[in-house]
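Note sheet for the following structure.
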Amino acid sequence: MSDVSITFDRVTKAFGAFRAVDEVSFALPRGALVTLLGPSGCGKTTTLRLVAGLELPTGGRIEIEGKDVTALAAAERKIAMVFQSYALFPHMNVLENVSYGLLVNGARKASAESEALAMLKTLGLDGLGQRLPSELSGGQQQRVAVARALVLRPKVLLFDEPLSNLDARLRRRVREDIRDLQKKLDLSVVYVTHDQQEALAVSDLVCVMRAGKIAQMGTPNALYEDPADAFIADFMGEANVIQGEVLGPNRIALGGIALDTVMRAHPPGAAQIAVRPESILLQPEGSPGLPGRIQRAAFLGQTREYEIQTPAGELFVVTPAASPAFAPGDAVSCAMQRVIPLRPAA
Amino acid sequence: MGALTLGRAALIGAAIGLLLAPWHGLENGALAAWPRGEASPLLALLLDGSRWWLWPVAALLAAVAPALLRGRAPGLLMMVAGAGIVAWIFLMGHAIGLNGLAWKGLAPLLGAPPPQPSLGWGALMVLAGGVALFSAGLAARGSFGADAFVSFLVCGSAFLLILFVFVPLVTILSAAIYEGDRFAPDALAARLTAPEAWSLACVTTHAGCGVVWNTLLLATLTGVISTLLGLGFALLAVRGNVRGAVAFRAMTILPLITPPFVVSLALIVLFGRTGIVTGFLWENFDIPRSRWIYGLPGVLLAQVLAQAPVAFMLLDGALRAISPSLEEAASTMGARRFKVFRSVTWPLLKPALAAAFLLGFVESLADFGNPLVLGGDFDVLSTRIFFAIAGARHDPGRAAALALLLLALTFGAFAFQAWWLGKRRYTTVTGKGDSGLPAPLPKGLKLGCSLVVWPWMAFTAVVYGIILVGGFVRDIGRGDMTFTWRHFLTGFEVEWHNGVDFRGSAWDSLFTTIEVAAIAAPLTAGLGILLAWLIARQSFKGRGTLEFMTMLSFAIPGTVVGVSYVMAFNVPPVELTGTALILIICFVFRNLPVGVRGGLAALAQIDKSLDEASATMGGGALSTLRRVVLPLLRPAIVASLAFSFVHAMTAVSAVIFLVSAQHNLATVYIVGRVEAGEMALAIAYSTVLIVIMLVVVLGIEKLVGRAQIGRRAATPTTMHAGA
Ligand SMILES: Nc1ncnc2c1ncn2[C@@H]1O[C@H](COP(=O)(O)OP(=O)(O)O)[C@@H](O)[C@H]1O
Ligand SMILES: [Mg+2]
């Protein structure tokens, strides 16, 4: 058996003249949780539906576990999907919902129900089998939807923005539950979200999409530390993107001032330089670094946030609450602990 | 469902049709001779050489059989064989008719074949098999998401729609353009522009105007008056703060269950020459007896009585949908009551007003019963078409041309509506939980409405009172009000000796009516829901065309349908006139659009992700339909059942052309009684019909109501609350 769960080979999905997914290629490893991340309308849902077989591609080739499924209908792909709206059948109770897939695949009623009950138990839903979906809380509905998908032992499990209908408190718990379950059962999961924090928190691999194409794919760490371009740097957490110049290894100039820093290799010359708000060290005036003046200061409990006017432009800086505090009007020096020189956006 | 399964099923069906079922004849009587004579299966006919030209059908079937039996599904071969079988049967059916060779040009090829009567059950099965083979072939080649079930539904419905909606239309067109056997476009032009249709003589002289002008005048008046009356009713019911909810409710149910011409009977009883009111006026005020009710005034009155309640329902809904907060906003900005009404309420009502007018207009165009009973010398298109076919001067060409004119008017009205609605979009934005008090009517307006509405309601009550009483008194037409069971006995007498003997003269037609309605209703509802599901949930090439074909029959007036069916299905290959089957088919395809609309509306309430969830879990189209979609659509299905049943019981315009001595329908029987002057029997029979339909409608309403409560509130995220 191969170690690849899903392969896209130059897959295109066009609606009329508009390409929602544009010549996308990737190979996703088996047993990993991969997130599709990107702004609204970039084609994440369409990509997921292509995997599921709910849309058929207008070009390219799709494989699941080495088998060509490009022209296969959804019902025959052995995948399972958890819908954004959960799509629980309102006229069936929880047990009927969960055993539905087994029944339409030809299982006997008794065995389907016992499997469904076992799955409900795994997800901590025992005792709710006779309830209708409308009689469950949002979190319970979500778990029923997951149970309904998992009971079929799918090759791939797909989630489309599974947390978007939950309140903020529940989100963190549910996403951790999903991650635990995925690890425990060694599932291949594709997970769509537009929230980068969510993506960073749960993924083995993140695949950032932009306008129907894949902008970059990598581990959460790699995307955060080593973004391919300004779009990704900005999308993966906040970044100050400023015009500067690379002078040599670990040496740049910002606002005409030469600075020592830590950075990835980049040829000398003018460049866009991204600086994460937390990689800037604020020190009293006179220390080495970019001189600046505090415009605004806010205390957020765990952190402090500043807006600082410098010769290189305005910088947004986050410091730990334990670090020394500055007030608006104070002159400071900004040391760049780490910067990311950017390749121009494609 | 896979292509192979469908292909095999098609093969088995077609084989039975070919080997066993009688090839010709749809009537059961012929079965006695099976498998010889009139009931011979095609196999026997092929072997004895009397249908040698149908060998290709058997050959095509034999060509696909080996692959299918060996478990392969050859896509292209199945498509070719299926399409070939269907095409060949129809081609030969047209080429060789009851008098032998019909297409003389083929004499060198076919010689002088024996006569070939109409297709029967065997042919039907082979045709169905052909369509199924073709669908299986399409699915095997990847169309319709490779789902043979969907493919079969689409191809099958397309085949039926073509045969029973499109072909009749084409037939009527060609009937209008042929004179005998001669192609004569000039004759069509002459018929379409005849003074009979367009004369304006009535403006200057005492002669009647052209029938097109009559029709337009009547339709416009009916539309305007019904809409205004309906508006008065709606304003008073929603904003008038008046009692009488039951009376208003009754107003909305009555037109649903009244055969269209029954109101005419009551009007004759009231205002005819010997009518109750006429007599009263003559005796007390010396107003001379006259026949004024026969003509425009009478027909108009009858149509408004039927249409005003429909307009009321539409406008009532629209008025309730206007969020009170809009009006409250206007009044908080200092507008006076009348100003609020003028500047906010009225503009928001405009689309509903237009819809009500157009509905009245179109219904008046299509109405046949009332002009037939009350029209007198005032002819409209629908009656003129009827007499061109059924009258002394049987002239199908003229009937067809008039039918085209009527069709053009109806399509014109619908096109106008589409254009008008497309041009301006009013949306009343109503958030849920939008409360507030609706603004009460301005005083003057309320008074005006009351002055019209209450008398009209009283008048309606009198009309229905007449119908209620008329069957039970000796001769209501002449004012003889002695109680009697005589009319009911004439119609519905039952005798018991050695079992039940239905002696009454009305039983036959009543039984046929109920039987036909009871068969047509589930077919209509079923096909309607399936089509709605295909249109709403499946994406395939030609979906728009399918939807258009479905909706087409909605815009065709009943009279035109009747004429076109008579012309299209009177001769082989599909000869249906005189059977009960043609009545059923007619009802199914006439009521289909309403079933489809209802299904579409219901499906719009059900999130598509439910279907998709089922698909990702391995549910094919068939399982999804059966286990997920149909259970959720139950209320829509029941409503569509009720609608088609009631419409099949009250329709007269199309079926008056299609009934026969053996298969008469209640409405046509009643019209016959009226023409024979047996008013009381007609009224008695109408009462029976109304009671039956009332029971059905109320029963079904109860059922649907319970179904909705029983389902408990659905998840807001997956299903939005239905109306
Ligand atoms: N069925 C469709 N027909 C036409 N356009 C579509 C359809 N589905 C999606 N799109 C378009 O494709 C683009 C990508 O959509 P989607 O994949 O849903 O984005 P998202 O990344 O927000 O999930 C959007 O611009 C959307 O409007
Ligand atoms: Mg999306």
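No lab work stands behind these numbers, since they all come straight from the coordinates. Nothing here was measured: the structure is a model prediction, and the numbers come from that model. Methodologically, a virtual Cβ is constructed for each residue, glycine included, from the backbone with ideal geometry; neighbour enumeration extends over all protein chains shown.
Under a model in which nothing but the beta-carbon of Lys, Arg (+1) and Asp, Glu (-1) is charged, the range A:231-341 shows a dipole of about 180 debye around its Cα centre.
What are the GluC sites (Glu not before Pro) within the range B:481-561 that DSSP puts in a loop, where the Cβ has at most 15 other Cβ atoms within 10 Å? List each step's numbers first, then the result.
Details: sites: B:Glu493, B:Glu495, B:Glu515, B:Glu547; in loops: B:Glu493.
Listed in order of number, the matching sites are B:Glu493.
A viscosity of 1.306 mPa s and a temperature of 10 °C, combined with the Kirkwood radius over C-alpha pairs in the Stokes-Einstein formula, give the range A:4-230 a diffusion coefficient of 88 µm²/s. Once both labels are positioned 7 Å from their Cα atoms along Cα-to-Cβ, the gap between B:His497 and B:Ser450 label points is 6.4 nm.
Could you give the length gained on full extension between B:Ser505 and B:Ala112, defined as 0.36 nm per residue of separation minus the Cα-Cα distance, in nm? Separation in residues times 0.36 nm, less the Cα-Cα distance, equals 136.7 nm.
With helices as the sole contributors, chain B gives -21500 deg cm²/dmol at 222 nm; each DSSP H run of n ≥ 4 counts as -39500 (n - 2.57), and the sum is divided by every residue. Distance between the pseudo-spin-label points of B:Trp198 and B:Trp282 (7 Å out from Cα toward the beta carbon): 4.3 nm.
Applying a 4.7 Å Cβ-Cβ cutoff to chain B, the cysteines left without a disulfide-compatible partner are B:Cys155, B:Cys449, B:Cys586.
Multiplying the residue separation of A:Gln197 and A:Asn221 by 0.36 nm and removing their Cα-Cα distance gives an extension gain of 7.4 nm. For the pair B:Thr484 and B:Arg393 in one chain, pulling the backbone fully straight at 0.36 nm per residue adds 28.6 nm over the alpha carbon distance.
For chain B, what relative contact order do you get, as a whole percent, if you take Cα pairs closer than 8 Å and at least 6 residues apart? Intermediate values should be presented prior to the final figure.
Details: 1112 pairs, mean separation 109.0, N = 723.
Reported as a whole number, the value is 15 percent.
For the range A:70-127, chymotrypsin sites (Phe, Trp or Tyr not before Pro) meeting the loop criterion (DSSP other than H, G, I, E, B) and having at most 14 other Cβ atoms within 10 Å: none.
Inside 10 Å of the C-beta atoms of A:73-84, what's the mean count of C-beta atoms belonging to other chains? Before the final figure, lay out each step's value.
Working: counts 9, 11, 13, 5, 3, 2, 3, 4, 6, 2, 9, 2.
Counting Cβ atoms of other protein chains within 10 Å of each residue's Cβ and averaging gives 6.
The aspartates and glutamates within cross-link reach of A:Lys183, meaning a Cα-to-Cα straight distance under 20 Å and a gap of 8 or more places when in the same chain, are A:Asp3, A:Glu65, A:Asp160, A:Glu161, A:Glu198, A:Asp204.
At R0 = 51 Å, how high is the FRET efficiency between B:Val691 and A:Glu278 if r is their beta carbon distance? Nearest 0.05 is fine. Taking R0 as 51 Å, the efficiency between B:Val691 and A:Glu278 is 0.05.
What average count of beta carbons from other chains do you get within 10 Å of the Cβ of residues in B:605-614? Before the final figure, lay out each step's value.
Numbers: counts 0, 1, 5, 4, 9, 8, 3, 8, 17, 7.
Average per residue, whole number: 6.
Classify the range A:204-346: rounded, prolate or oblate, from the alpha-carbon gyration tensor (a ≥ b ≥ c, eigenvalue square roots; a/c under 1.5 rounded; otherwise prolate if a/b is larger than b/c)? Oblate, because a/c is 1.5 or more while a/b does not exceed b/c. Counting only residues at least eight positions apart within a chain, or on another chain, the aspartates and glutamates with an alpha carbon under 12 Å from that of A:Lys109 are A:Glu96.
With a ≥ b ≥ c the root eigenvalues of the C-alpha gyration tensor of the range B:54-174, is it rounded (a/c under 1.5), prolate (a/b larger than b/c) or oblate?
On the way: a/c = 2.65, a/b = 1.50, b/c = 1.76.
Cα axes put the range B:54-174 in the oblate bin.
Under the simplified labelling scheme, the A:Ser40-A:Ala325 pair shows an inter-label distance of 3.7 nm, with each label point 7 Å from Cα along Cα→Cβ. For B:Ser174 and A:Asp186, the FRET efficiency from 1/(1 + (r/R0)^6), where r spans their Cβ atoms and R0 equals 56 Å, is about 0.20. Of the GluC sites (Glu not before Pro) in the range A:268-346, the ones in a loop by DSSP (not H, G, I, E or B) with at most 16 other beta carbons within 10 Å are A:Glu285.
Please say if the range B:100-247 is rounded, prolate or oblate, where rounded means a/c under 1.5 for a ≥ b ≥ c the square roots of the C-alpha gyration tensor eigenvalues, and otherwise the choice is prolate for a/b larger than b/c and oblate otherwise?
Working: a/c = 3.61, a/b = 1.37, b/c = 2.64.
Oblate, since a/c reaches 1.5 and b/c is not below a/b.
Separation of the range A:310-346 and the range A:68-137, taken as the distance between their Cα centroids, equals 51 angstrom.
Straight-distance candidates among the lysines for linking to A:Lys213, with alpha-carbon spacing under 24 Å and chain neighbours fewer than 8 residues away dropped: A:Lys13, A:Lys44, A:Lys67. Computed FRET efficiency, Cβ-Cβ of A:Asp126 and B:Phe540, R0 45 Å: what is it to the nearest 0.05? Rounded to the nearest 0.05, the efficiency is 0.55.
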